[in-house]
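Notes follow once the structure below has been shown.
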């Protein structure tokens, strides 16, 4: 630091003067004595005194207070916020793609599970069905389905038929007749089967009250079966035709088991 003394021209004259900050000791050189004063590593202080005599009491005029370069860098690093502090990590493009694929598969699986009921097939319905002769003899109303294994609509409607059958199997007979079986040629002509699936609704005496052909909403079948179970004189959907497979395309095969009702 420098000590400034006045002269007749009002100019100041600076003498060497060193001041030290606390925390450590260093030599302080003045024109008249050598003194120890503490030194502050964090700050550099520049001061001027009008009286060059250090013994006189005078208050130094502090010109400026400047932090050291080392402390500046340390302060900047400690006080400046990090650009990533407090911000969540954003998912990358691969993660987003995986989420999209999983969501799409879940949506498709949910739709198909509710629509098709995996695990229910025409073979399951055939295995659970009653023989035709037994159904006509037990005194209960009967639903007869004419089907074929190659019929796409028949396979699609199998889950809906299964649900209705599980609901009314204690009050209504369910019979499955395969149009490929030559055993049922007479029944095909009797019920006028031209397209499959063909559902014939019979009352307790075996008389046909109506039929439904092809792909139709499940409630058509459900309401007709419910009317049969309650013994009503007629069914709400007696003559309804939807999309079906032609019975003329059936594949005639030799009957393996004449007792088979399939």
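The values are calculated or read from the model by the stated rules, or taken from the named source; none is laboratory data. Given the structure is predicted, the values throughout are model-derived calculations rather than measurements. A quick note on method: Cβ atoms are made from the backbone with ideal geometry, for glycine too, and the neighbour counts reach across all protein chains shown.
I'd like the full set of residues that are in a loop (DSSP other than H, G, I, E, B), in contact with a helix residue (DSSP H, G or I) (Cβ under 7 Å, 6 or more places away or on another chain) and closer than 18 Å to residue 171 by Cα, limited to region 204-233.
Within region 204-233, 206 is the sole residue that qualifies.
Do we find a residue being closer than 17 Å to residue 247 by Cβ and under 45 Å from the mean Cα position of the chain (by Cα) anywhere in region 123-143? Steps first, answer last, please.
Looking only at region 123-143, we keep the residues that are closer than 17 Å to residue 247 by Cβ, and these are none.
Looking through region 123-143, none of the residues is closer than 17 Å to residue 247 by Cβ and under 45 Å from the mean Cα position of the chain (by Cα).
Residue under question is residue 155, and the condition is that it be touching a residue at least 12 places away in the same chain (Cβ under 8 Å), touching a helix residue (DSSP H, G or I) at 6+ places or on another chain (Cβ under 9 Å) and surrounded by fewer than 17 Cβ atoms within 10 Å (Cβ to Cβ); does it hold? Walk me through it before giving the result.
Details: touching a residue at least 12 places away in the same chain (Cβ under 8 Å): yes; touching a helix residue (DSSP H, G or I) at 6+ places or on another chain (Cβ under 9 Å): yes; surrounded by fewer than 17 Cβ atoms within 10 Å (Cβ to Cβ): no.
Taking the combined requirement at face value, the residue does not satisfy it.
Here are some residues: 164, 144, 175. Which one is part of a helix (DSSP H, G or I), in contact with a strand residue (DSSP E or B) (Cβ under 9 Å, 6 or more places away or on another chain) and surrounded by 17 or more Cβ atoms within 10 Å (Cβ to Cβ)? First the steps, then the outcome.
Working: 144 fails: part of a helix (DSSP H, G or I); 175 fails: part of a helix (DSSP H, G or I).
So the residue among 164, 144, 175 that is part of a helix (DSSP H, G or I), in contact with a strand residue (DSSP E or B) (Cβ under 9 Å, 6 or more places away or on another chain) and surrounded by 17 or more Cβ atoms within 10 Å (Cβ to Cβ) is 164.
Is it the case that some residue within region 105-115 is surrounded by 14 or more Cβ atoms within 10 Å (Cβ to Cβ) and modelled with pLDDT under 95? Let's see the steps before the verdict.
We begin by selecting, within region 105-115, every residue surrounded by 14 or more Cβ atoms within 10 Å (Cβ to Cβ); these are none.
Scanning region 105-115, I find no residue that is surrounded by 14 or more Cβ atoms within 10 Å (Cβ to Cβ) and modelled with pLDDT under 95, so the answer is no.
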